[in-house]
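**Q** Structure below; questions to follow.
Please treat every number below as a calculation from the coordinates, not as lab data. Given the structure is predicted, the values throughout are model-derived calculations rather than measurements.
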Amino acid sequence: MNQPLIFALARGRLLDETVPLLTELGIEPTESLTGSRKLMFETEHPGVKLLVLRAADVPPYVERGGAHLGIAGKDVLLEYGSDMLCEPVDLQLSKCRLMTAMKKGIELPAMGRIRVATKYVNVARRYFASQGRQIDPIKLYGAMELAPLVGLVDVIVDVVDTGNTLKANGLEPRDLIDYSSARLIVSRVAMKTRHQHIFPMIEKLNKWAKSRDAS
Ligand code: AMP
């Protein structure tokens with residue numbers, strides 16, 4: 001098998017946390033992954049290449065064979081919703097909660113569709129359906145917190161860590177939809193065709209994640 005193993009990483013806050021994990025696997029990029037406009041990186045590990053993608057693009061790359069494995073947040077995986085991806089390791093990184101949030105003192109409209117701003121449209125639709133409510137989603141890509149303040153929506157669905165961003169904008173967290181953390185993802189195909197490379201990685205990362213979780 002001469003083709004390189006391709007590992008897809010998410011740019012942004014998760015990327016800095018990913019570097020020690022790569023070191024654990026003996027994968028050293030030949031140049032810094034951050035602060036570069038490059039998308040594909042060589043490594044000192046023979047036969048491993050890295051892709052640095054938008055977080056939401058990691059699942060489709062891995063699912064469709066553009067990469068053999070990757071790291072993606074559970075929030076992104078819940079939104080993407082594929083049954084062709086395995087999630088063999090909870091890496092215990094980038095932990096946060098998917099939540100609804102609203103203006104302080106405001107309640108949801110008693111009837112009719114709920115106006116929701118989010119980049120997690122599928123997650124929001126499923127969550128409110130489970131509450132017996134239909135939504136009118138507005139897909140936004142950032143600064144979700146503004147939308148209820150200007151009356152664009154009733155509620156937002158977003159990831160929350162400390163809750164400081166909500167608070168600073170006069171919003172408060174309401175319902176917990178799910179917990180999120182970064183996961184190692186592998187396509188079902190690569191799990192079979194590249195198992196001799198991927199299984200030892202899964203074993204190492206499981207140990208690494210467990211030791212981090214315990215500390
Ligand atoms: P916080 O103020 O700590 O609750 O952080 C909230 C802001 O950071 C929101 O803009 C979120 O979209 C973003 N955020 C928080 N945690 C994460 C995470 N684990 N992954 C990606 N974005 C996050």
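**Q** Return the long-range amide H neighbours of His45 (sequence gap of 5 or more, or a different chain), with a cut-off of under 5 Å between placed amide H atoms.
**A** Glu28
**Q** Still on this structure: Could you go through region 153-160 in sequence order and give the Karplus-derived ³J(HN,Hα) for each residue, using 6.51 cos²θ - 1.76 cosθ + 1.60 with θ = phi - 60°, rounded to whole Hz, and x for Gly and Pro?
**A** In residue order, the calculated couplings are 9, 8, 8, 10, 10, 8, 7, 10 Hz.
**Q** Hey, what's the Cα Rg ratio for the chain versus the globular rule of thumb, 2.2 N^0.38 Å? It would help to have the intermediate numbers written out before the result.
**A** Numbers: Rg = 19.1 Å, N = 215, 2.2 N^0.38 = 16.9 Å.
So the chain has a normalised radius of gyration of 1.13.
**Q** What residues qualify as long-range amide H neighbours of Ala67, i.e. H under 5 Å apart, gap of 5 or more or another chain, H built at 1.01 Å from N?
**A** Here the answer is Val62, since their amide H atoms fall under 5 Å of that of Ala67.
**Q** Right, another one. Specify the residue with the greatest mean-square fluctuation among Asp158, Asp57, Asp16, computed from a Gaussian network of the chain linking alpha-carbon atoms under 10 Å apart.
**A** Asp16
**Q** Another question about this same structure. Calculate the length of the line joining the C-alpha centroid of region 107-129 to that of region 9-37, in whole Å.
**A** So the separation of the two Cα centres works out to 35 Å.
**Q** On a full-extension model of 0.36 nm per residue, what is the gain between Glu87 and Asp136, subtracting their alpha-carbon distance, rounded to one decimal in nm? Kindly include the intermediate steps, with their values, before the conclusion.
**A** Values: separation 49, 0.36 × 49 = 17.64 nm, distance 3.09 nm.
Extra length from Glu87 to Asp136 when fully extended: 14.5 nm.
**Q** Follow-up question, since we're still on this one. Determine ³J(HN,Hα), in whole Hz, for all residues of region 37-43 in sequence, where each value follows from phi through the Karplus function 6.51 cos²θ - 1.76 cosθ + 1.60 and θ = phi - 60°; x replaces Gly and Pro.
**A** Working through the residues one at a time gives 8, 5, 10, 10, 10, 7, 10 Hz.
**Q** What full-extension length gain, to one decimal in nm, is calculated for Asp178 and Asn122 as 0.36 nm per residue of separation minus the Cα-Cα distance? Write out the running numbers ahead of the final one.
**A** Details: separation 56, 0.36 × 56 = 20.16 nm, distance 1.32 nm.
Extra length available between Asp178 and Asn122 comes to 18.8 nm.
**Q** Using amide H atoms built 1.01 Å from N in the peptide plane, name the residues 5+ places from Arg133, or on other chains, whose amide H lies under 5 Å from its own.
**A** Correct list: empty.
**Q** How far, in nm, would the chain grow between Val19 and Leu39 when pulled straight, counting 0.36 nm per residue and subtracting the alpha carbon separation? Please report the intermediate quantities before stating the final value.
**A** Numbers: separation 20, 0.36 × 20 = 7.20 nm, distance 1.57 nm.
Using 0.36 nm per residue and subtracting the Cα-Cα distance, I get 5.6 nm.
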